[in-house]
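Peer 1: I have a structure here, written as structure tokens, and I will follow up with some questions on it.
The values are calculated or read from the model by the stated rules, or taken from the named source; none is laboratory data. What you see is a predicted model, and the numbers here were worked out from it, not measured in a lab. Counting neighbours? That spans all protein chains shown, and the Cβs are built from the backbone with ideal geometry, glycine included.
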Amino acid sequence: MARFTRIQVAQKMAEQGMVPLFYDPDLEVCKQLVTACYIGGARLLEFTNRGDYAHEVFGELNKFCIKELPEMILGVGSVTDQATASLYLQLGANFIVSASLRKDVALVCNRRKILYGPGCGTLTEIGQAEELGCEVVKLFPGSIYGPNFIKAIRGPQPWTSIMPTGGVSPEFDNLKKWFDAGAYCVGMGSKLMVKNESGGFDFEKIKTLTKKTLKYIEEIREM
């Protein structure tokens with residue numbers, strides 16, 4: 001069962017301004033990734049459902065967060081259907097994200113009062129998502145649409161909260177373009193979860209990048 005309400009999750013997304021996302025099949029690696037982000041200041045993270053037995057990894061990782069990183073809000077991305085969403089909700093997922101708009105996922109999340117962020121690419125899809133109770137919509141892939149898409153949408157719909165994912169990097173100028181356009185928060189994967197020369201995650205650099213990125217977002221919002 002989720003430890004954080006839908007409203008708490010939405011507020012933390014807005015406050016943090018960034019949703020780090022990652023996947024690895026190794027539980028110990030995942031623990032180190034989440035810890036690195038936590039030390040860097042992140043209190044909300046998306047584990048992506050991208051491998052066999054990913055739910056088993058998530059279940060143990062969530063238990064770890066509850067015990068060792070109690071402020072961490074852990075959610076799940078890359079959810080494709082209602083059954084998968086229900087499975088992760090039973091494992092304590094605090095929010096659900098998908099690459100496309102899924103009515104069946106929205107319904108099961110609403111039933112449990114869990115935040116659902118569907119991937120949308122048109123104003124019609126965004127409208128449908130909001131009718132289904134979605135507080136935040138994911139713009140995916142963000143690299144295809146760009147910041148101007150958000151600016152255009154928020155002209156007639158200033159109430160819409162958009163999280164671009166894909167095409168977002170931890171550089172100040174890149175972040176500024178998204179937030180100046182009206183992004184609610186940004187999703188960031190490989191650009192934040194960097195690896196070393198041997199192909200493994202660079203936990204120290206991830207910690208530093210997380211801290212720096214959160215600082216950039218804070219500075220941009222104060223400008």
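Peer 1: Please find, among 107, 192, 175, the residue that is surrounded by 14 or more Cβ atoms within 10 Å (Cβ to Cβ) and farther than 24 Å from residue 88 by Cβ. Step through it out loud before you land on a result.
Peer 2: Details: 107 fails: farther than 24 Å from residue 88 by Cβ; 192 fails: farther than 24 Å from residue 88 by Cβ.
Residue meeting the stated conditions: 175.
Peer 1: Identify, from the list 217, 162, the residue that is of a type in the set (Val, Ile, Thr), under 14 Å from the mean Cα position of the chain (by Cα) and farther than 19 Å from residue 34 by Cα. So that I can check it myself, show each step before the final result.
Peer 2: Values: 217 fails: under 14 Å from the mean Cα position of the chain (by Cα).
The unique qualifying residue is 162.
Peer 1: Quick check on my filter: what residues within the range 85-110 are closer than 18 Å to residue 127 by Cβ and of a type in the set (Val, Ile, Thr)?
Peer 2: Correct list: 105 only.
Peer 1: Between 203, 140, which is modelled with pLDDT under 95, surrounded by 15 or more Cβ atoms within 10 Å (Cβ to Cβ) and of a type in the set (Phe, Trp, Tyr)? Walk me through it before giving the result.
Peer 2: Numbers: 203 fails: modelled with pLDDT under 95.
That would be 140, the only listed residue that is modelled with pLDDT under 95, surrounded by 15 or more Cβ atoms within 10 Å (Cβ to Cβ) and of a type in the set (Phe, Trp, Tyr).
Peer 1: Here's something else I'd like to know. Would you mind telling me which numbered condition in (1) surrounded by fewer than 22 Cβ atoms within 10 Å (Cβ to Cβ); (2) touching a Phe, Trp or Tyr at 6+ places or on another chain (Cβ under 8 Å); (3) under 29 Å from residue 212 (Cα atoms) residue 149 fails?
Peer 2: Evaluating residue 149 over (1) surrounded by fewer than 22 Cβ atoms within 10 Å (Cβ to Cβ); (2) touching a Phe, Trp or Tyr at 6+ places or on another chain (Cβ under 8 Å); (3) under 29 Å from residue 212 (Cα atoms) leaves (2) as the failure.
Peer 1: So the check is Cβ under 8 Å with 6+ separation or different chains; which pairs have a first residue in the range 54-68 that's within 16 Å of residue 44 (Cα to Cα) and a second one that's among the β-branched types (Val, Ile, Thr) and surrounded by 15 or more Cβ atoms within 10 Å (Cβ to Cβ)?
Peer 2: 58/76; 61/34; 64/34; 65/34; 68/35
Peer 1: Of everything in the range 152-163, what is out of contact with any Lys or Arg (no Cβ under 8 Å at 6 or more places or on another chain), buried (at least 17 other Cβ atoms within 10 Å of the Cβ) and more than 16 Å from residue 128 (Cβ to Cβ)? Give them in sequence order. It would help to see each step written out before you state the result.
Peer 2: First, the residues of the range 152-163 that are out of contact with any Lys or Arg (no Cβ under 8 Å at 6 or more places or on another chain): 152-159, 161.
If we keep only those that are buried (at least 17 other Cβ atoms within 10 Å of the Cβ) too, we end up with 153-154, 161.
154 - this is the single residue of the range 152-163 that is out of contact with any Lys or Arg (no Cβ under 8 Å at 6 or more places or on another chain), buried (at least 17 other Cβ atoms within 10 Å of the Cβ) and more than 16 Å from residue 128 (Cβ to Cβ).
Peer 1: Contact list please: Cβ distance under 7 Å, first residue in the range 36-51 and farther than 19 Å from residue 163 by Cα, second residue part of a loop (DSSP other than H, G, I, E, B), pairs at least six apart or on different chains.
Peer 2: Listed pairs, sorted by first residue: 38/69; 38/72; 50/23; 50/78; 51/23; 51/25.
Peer 1: If I ask for residues that are within 21 Å of residue 193 (Cα to Cα), crowded, with 19+ Cβ neighbours inside 10 Å and more than 13 Å from the chain's Cα centre (by Cα), which ones from the range 1-33 would you list?
Peer 2: Scanning the range 1-33 gives 24, 30, 33.
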